[in-house]
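**Student:** Input: one structure, supplied below.
The values are calculated or read from the model by the stated rules, or taken from the named source; none is laboratory data. Because the structure is predicted, anything quoted here is derived from the model rather than measured. Note that each Cβ is placed from the backbone with ideal geometry, even for glycine, and that neighbours are counted across all protein chains shown. Heavy atoms of the whole protein, side chains included, go into the accessibility calculation; ligands, DNA and RNA do not. Shrake-Rupley method; radii C 1.70, N 1.55, O 1.52, S 1.80 Å.
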Amino acid sequence: MTPEQLAQWRAQWAELAPGVSFLRLQGLVLGLEATRNAPSTSAPELLGVPDDGALAAWIEIYADDVHGGLESGEVVPPEVFEEGRENVTEWMAGVGLAVGMDFQKYMGVMASPTELEEMVMAVMGFMSFAPRPFLSAELEDILKGQEHGQMLTTTREGFLHTWDAEPESERRKVLHEMVPALATAFAISNHIVSDLNSKYGGGGFAGLTAEPIRREGRKIRPNEPCPCGSGKKYKKCHGAPGADPLP
């Protein structure tokens, strides 16, 4: 996406959704791609804006751009590193909205083995900025618990303290590590949830002892053709949320 296209969509967004920052939209689209949800259908609903056809088209274009940088983290808008805390808070809130929309996946990641601590911390980091009223009802109930709520508060405060203290080069490094960790966590979350359900009867999340999933061969990119031969993108076929694994 060219700077001119981005400027055009930024102006259109200002008219479509006054009061909702463009950075929050950008964070949300990245978060939806990372969590393997559908950006064009989920973003307007999560942000409470009209499901504008032109907006949906832009989201698809931006999501494709974003997807290519998920593995490296090189998809953070430059504005995130400007204006002190304000911009990073808006962008993180957008990503956090996407992280919090799927109760099962979120709990699957949070119940991950200790070997996946880096991924869990990335999920917690983004989640700690999510605006509470937009979260799923099930997840909202969990976050009302004092211990978990305090953990999110501590995570958010710790992130902002580090953000204030570090130079921009270190800030970039932090986010460029968190983004791929988030994407990897949700890529394996279906396996974790499936293991939990088989061990503890459909929704039990305590006592997980499964080993982390180790990929054989290279990772299939969501926008690549699905290896099953359907002609669809992988993310629209066997890579879609809840889809059966590849044979």
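**Student:** Applying the selection to region 125-139, what residues are within 20 Å of GLU90 (Cα to Cα) and either at pLDDT 70 or above or assigned to a helix (DSSP H, G or I) (or both)? Talk me through it step by step, then tell me what you get.
**Tutor:** Initial filter on region 125-139 (within 20 Å of GLU90 (Cα to Cα)): 125-136.
Result: GLY125, PHE126, MET127, SER128, PHE129, ALA130, PRO131, ARG132, PRO133, PHE134.
**Student:** Quick one: what pairs do we get from region 5-25, first residue farther than 19 Å from LEU97 by Cα, second outside any helix (DSSP H, G or I), C-beta under 8 Å, 6+ apart or different chains?
**Tutor:** LEU16/VAL49; LEU16/PRO50; LEU16/ASP52
**Student:** Restricting the search to region 22-59, which residues are of a type in the set (Asp, Glu) and assigned to a loop (DSSP other than H, G, I, E, B)?
**Tutor:** ASP51, ASP52
**Student:** Just a yes or no: is a residue in region 169-190 farther than 23 Å from GLU71 by Cα, modelled with pLDDT under 85 and in contact with a Gly (Cβ under 9 Å, 6 or more places away or on another chain)?
**Tutor:** no
**Student:** In addition: Identify the single condition in (1) over 23 Å from PHE159 (Cα atoms); (2) among the acidic types (Asp, Glu); (3) not in a helix (DSSP H, G or I) that ASP65 does not satisfy, given that it satisfies every other one.
**Tutor:** Going through the list (1) over 23 Å from PHE159 (Cα atoms); (2) among the acidic types (Asp, Glu); (3) not in a helix (DSSP H, G or I), ASP65 breaks only (3).
**Student:** Which pairs have Cβ atoms under 6 Å, sit 6 or more apart or on different chains, and link a residue in region 81-93 that is open to solvent by 10 Å² or more (accessible area, probe 1.4 Å) to one that is hydroxyl-bearing (Ser, Thr, Tyr) and outside any helix (DSSP H, G or I)?
**Tutor:** If the second residue must be hydroxyl-bearing (Ser, Thr, Tyr) and outside any helix (DSSP H, G or I), the pairs left are GLU90/SER21.
**Student:** Which residue out of GLU4, GLU74, GLU33, GLU15 is open to solvent by 60 Å² or more (accessible area, probe 1.4 Å) and under 21 Å from the mean Cα position of the chain (by Cα)?
**Tutor:** Just one listed residue meets the conditions, GLU74.
**Student:** Residue pairs, Cβ under 8 Å, 6 or more apart or interchain, first in region 52-74 and farther than 24 Å from ALA14 by Cα, second in a helix (DSSP H, G or I) and open to solvent by 50 Å² or more (accessible area, probe 1.4 Å). List them.
**Tutor:** Going by the 8 Å Cβ cut-off, the qualifying pairs are GLY73/GLU177.
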